[in-house]
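Reading through the structure tokens given below for one structure.
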Amino acid sequence: MIKVIGRDLWRGGVKIGYVGDGHIIDHSGEKVGTYSSDHVYDKNGHKLAHIEGDYIYFSDSGHQIRIEDNNRDVIGGSLSNIQKAAARVLLGE
């Protein structure tokens with residue numbers, strides 16, 4: 001589970017990252033990826049996931065997860081669905 005406090009991302013009481021404007025930064029300060037209105041990309045610009053309707057679709061596996069379920073795993077704060085999806089995809093569950 002990832003807990004959102006402001007724009008900071010926490011897991012188990014440890015800060016694991018930050019949500020910037022259009023990007024996710026990990027705990028070491030490195031940009032690990034970007035997001036747009038409905039897509040998540042790695043730091044090299046490869047598409048990892050996208051939102052379509054009520055689901056997040058993962059590009060590499062065809063796996064999907066409901067946005068509602070993602071919102072149970074990325075809690076707190078006032079991030080958008082794509083920001084929460086990017087946090088999950090880029091920093092893990």
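The values are calculated or read from the model by the stated rules, or taken from the named source; none is laboratory data. Please read these numbers as outputs of a predicted model, since none were measured by experiment. Because the Cβ atoms are built from the backbone with ideal geometry, glycine has one as well, and the counts that use them run over all protein chains shown.
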For the stretch 26-48, state whether one or more residues are basic (Lys, Arg), exposed (fewer than 15 other Cβ atoms within 10 Å of the Cβ) and more than 17 Å from residue 82 (Cα to Cα). no
Within the stretch 50-72, is even one residue in contact (Cβ under 8 Å) with a residue 24 or more places away in the chain and hydroxyl-bearing (Ser, Thr, Tyr)? no
Looking across the stretch 17-52 at residues that are part of a loop (DSSP other than H, G, I, E, B) and farther than 18 Å from residue 4 by Cα, the single one that is modelled with the lowest pLDDT is 37
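Filter the stretch 53-90 down to residues that are in a strand (DSSP E or B) and touching a Lys or Arg at 6+ places or on another chain (Cβ under 7 Å) and give me whichever is surrounded by the most Cβ atoms within 10 Å (Cβ to Cβ). Reasoning before the result, please.
Pass one, the stretch 53-90, residues in a strand (DSSP E or B): 55-58, 64-66, 74-75.
If we keep only those that are touching a Lys or Arg at 6+ places or on another chain (Cβ under 7 Å) too, we end up with 55, 74-75.
On the way: 55: 17, 74: 22, 75: 11.
Top of the filtered list is 74.
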Filter the stretch 16-25 down to the residues that are surrounded by 13 or more Cβ atoms within 10 Å (Cβ to Cβ) and either in contact (Cβ under 8 Å) with a residue 40 or more places away in the chain or not small (Gly, Ala, Ser) (or both) and list them by number. 16, 17, 18, 19, 23, 24, 25
Looking at (1) touching a residue at least 40 places away in the same chain (Cβ under 8 Å); (2) under 10 Å from the mean Cα position of the chain (by Cα), find the lone condition where residue 81 falls short. (1)
